[in-house]
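Asker: Just dropping this structure here.
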Amino acid sequence: MTRPLSDDLLAQGFADGDEACLNEAYRRWGALLFTIAFRKLGDPEEAKDVTQQVFVGAWRGRKGFDHDRGSLKTWLVGITYKKIADALERRSRNLRDQEAVAESAALGSEASPVATADAVVDHIVIMDELGQLPAPQQTVLRMAFYDDLSQSQIAERTGMPIGTVKSHTRRGMMRLKHRLEVDGEAH
């Protein structure tokens, strides 16, 4: 029978990319992270998603783990709290969106059909232009607009350096702006 890895050796193997250490970290601390997420969110499915996001994010960002700043367990718990905050923010944003839709539906008879049609056309044009951007710019802008993520959150989720995320955002926005200005002059 083999002795279980110490937390220090597990952390080192995890940081070095040893998948067996990822599995062992999940075995040791997955239930703890799930429990933390469940207590904060109150939804077991959402807590499962958060737990999965923690391990995926930690694995992708394992080079950012610094054993001198704390244990692997502490680092994973910290990531868990960030993912919980993201989930609560998404929940709040979804609630605001639902309230806006309900309010819009209640006022639907007062809305101008022309204004509604213009909004739909604008949405289609933007979606088309967004689809023509290079893949990294599309990814970053979609995460910023549709998931309402900050640039640092996008960097964390994609594994891109923050400077790269900022560059993709700026280039993508400039390209969209240019395309929309050109289209606007054509009409």
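The values are calculated or read from the model by the stated rules, or taken from the named source; none is laboratory data. Quick caveat: nothing in here was measured; it's all calculated off a predicted structure. Every residue, glycine among them, receives a Cβ derived from its backbone with ideal geometry; neighbour counts consider all protein chains shown. SASA here: full protein model, heavy atoms, side chains in, ligands and nucleic acids out. Shrake-Rupley method; radii C 1.70, N 1.55, O 1.52, S 1.80 Å.
Asker: Which is closer than 30 Å to Glu46 by Cβ, at pLDDT below 70 and surrounded by fewer than 11 Cβ atoms within 10 Å (Cβ to Cβ), of Ala105, Ala117? Even if it seems obvious, please write down each step before you answer.
Answerer: On the way: Ala117 fails: closer than 30 Å to Glu46 by Cβ.
Answer to the selection: Ala105.
Asker: Condition first: touching a residue at least 40 places away in the same chain (Cβ under 8 Å), over 25 Å from Ile79 (Cα atoms) and not charged (D, E, K, R). Now tell me which residues in region 122-171 satisfy that.
Answerer: Val125, Ile126, Leu130, Gln132, Leu133
Asker: Would you mind stating whether Leu41 is at pLDDT 95 or above and touching a helix residue (DSSP H, G or I) at 6+ places or on another chain (Cβ under 6 Å)? Walk me through how you get there before you give the answer.
Answerer: Numbers: at pLDDT 95 or above: no; touching a helix residue (DSSP H, G or I) at 6+ places or on another chain (Cβ under 6 Å): yes.
When the stated conditions are applied, Leu41 does not pass them.
Asker: Considering region 127-138 alone, what residues qualify as being part of a helix (DSSP H, G or I), open to solvent by less than 60 Å² (accessible area, probe 1.4 Å) and modelled with pLDDT of 80 or more?
Answerer: Pro136, Gln137, Gln138 - these are the residues of region 127-138 that are part of a helix (DSSP H, G or I), open to solvent by less than 60 Å² (accessible area, probe 1.4 Å) and modelled with pLDDT of 80 or more.
Asker: Within region 81-94, does at least one residue satisfy the condition of being in contact with a Lys or Arg (Cβ under 7 Å, 6 or more places away or on another chain) and surrounded by 11 or more Cβ atoms within 10 Å (Cβ to Cβ)? Give the steps one after another, and end with the answer.
Answerer: At the first step, the residues of region 81-94 found to be in contact with a Lys or Arg (Cβ under 7 Å, 6 or more places away or on another chain) are 84.
Next cut, surrounded by 11 or more Cβ atoms within 10 Å (Cβ to Cβ) only: 84.
The answer is yes, given that some residue of region 81-94 is in contact with a Lys or Arg (Cβ under 7 Å, 6 or more places away or on another chain) and surrounded by 11 or more Cβ atoms within 10 Å (Cβ to Cβ).
Asker: Counting only residues that are outside any loop (DSSP other than H, G, I, E, B) and touching a helix residue (DSSP H, G or I) at 6+ places or on another chain (Cβ under 6 Å), which one in region 139-151 is nearest to Gln53 (Cα to Cα)?
Answerer: Applying the first criterion (outside any loop (DSSP other than H, G, I, E, B)) to region 139-151 yields 139-145, 151.
From the residues that got through so far, the ones that are touching a helix residue (DSSP H, G or I) at 6+ places or on another chain (Cβ under 6 Å) too are 140-141, 143, 151.
Working: Val140: 18, Leu141: 20, Met143: 15, Gln151: 17 Å.
Within region 139-151, the match that is nearest to Gln53 (Cα to Cα) is Met143.
Asker: Could you list, in sequence order, all residues of region 1-27 that are surrounded by 11 or more Cβ atoms within 10 Å (Cβ to Cβ) and of a type in the set (A, V, I, L, M)?
Answerer: Leu5, Leu9, Leu10, Ala11, Ala15, Ala20, Leu22, Ala25, listed by residue number.
Asker: Considering only residues of region 64-80 that are polar (S, T, N, Q) and open to solvent by less than 80 Å² (accessible area, probe 1.4 Å), which is nearest to the chain's Cα centre (by Cα)? Even if it seems obvious, please write down each step before you answer.
Answerer: Restricting attention to region 64-80, the residues satisfying the condition of being polar (S, T, N, Q) are 71, 74, 80.
Restricting the remaining residues to those that are open to solvent by less than 80 Å² (accessible area, probe 1.4 Å) gives 71, 80.
Working: Ser71: 24, Thr80: 13 Å.
Per the criteria, the residue is Thr80.
Asker: Within the group Gly30, Gly61, which residue is open to solvent by 20 Å² or more (accessible area, probe 1.4 Å) and small (Gly, Ala, Ser)? Break it down into steps so the answer makes sense when it comes.
Answerer: Values: Gly30 fails: open to solvent by 20 Å² or more (accessible area, probe 1.4 Å).
Step by step, each of Gly30, Gly61 is checked, and only Gly61 is open to solvent by 20 Å² or more (accessible area, probe 1.4 Å) and small (Gly, Ala, Ser).
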